[in-house]
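Undergrad: Dropping the structure in here first, questions after.
Bear in mind that the values in this text are calculations on the coordinates, not laboratory data. None of the values given here were measured: they were computed from a predicted structure. Quick reminder, even Gly has a Cβ in these numbers, built from the backbone with ideal geometry, and neighbours come from all protein chains shown.
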Amino acid sequence: MTKKPSGDKSSWKGVAPYLDLGLQMALAVGLGAGVGYFLDQKLSTTPLFFLLGLALGATSGFLALYRAVYSSDRRKSHNNSDE
């Protein structure tokens with residue numbers, strides 16, 4: 001019986017598409033909130049654009065998460081049907 005080394009590259013291939021999802025989510029929410037805050041300061045409309053930017057950023061972050069997971073599931077089911 002052979003033992004796989006702990007640094008096996010094949011184990012990273014399955015995880016690699018998901019490694020940046022947290023960063024994408026945080027950047028989308030932070031950027032949306034930041035732009036909204038900036039617009040609120042310039043236009044004196046506190047908290048209107050901040051909340052809109054926060055909602056838009058969260059929506060885009062969840063959309064990126066959904067697309068990454070859904071496309072991965074489609075690839076897996078497509079690869080399984082080929083076998």
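Undergrad: By count of other Cβ within 10 Å, fewest leading, how are SER11, SER60 ordered?
TA: Numbers: SER11 12, SER60 17.
The fewest-first ordering by Cβ neighbours comes to SER11, SER60.
Undergrad: With bins 5 Å wide starting at 0, give me the P(r) of segment 20-77 over every alpha carbon pair, in whole percents.
TA: Result, from short to long distances: 4, 23, 20, 17, 12, 9, 7, 4, 3, 1, 0 percent.
Undergrad: For segment 20-77, what is the charge dipole size about the Cα centre, in debye to the nearest 20, if Lys and Arg each add +1 at the Cβ and Asp and Glu each add -1 at the Cβ?
TA: Details: 5 positive and 3 negative charges, 55 e Å.
With Lys and Arg at +1 and Asp and Glu at -1, about 260 debye.
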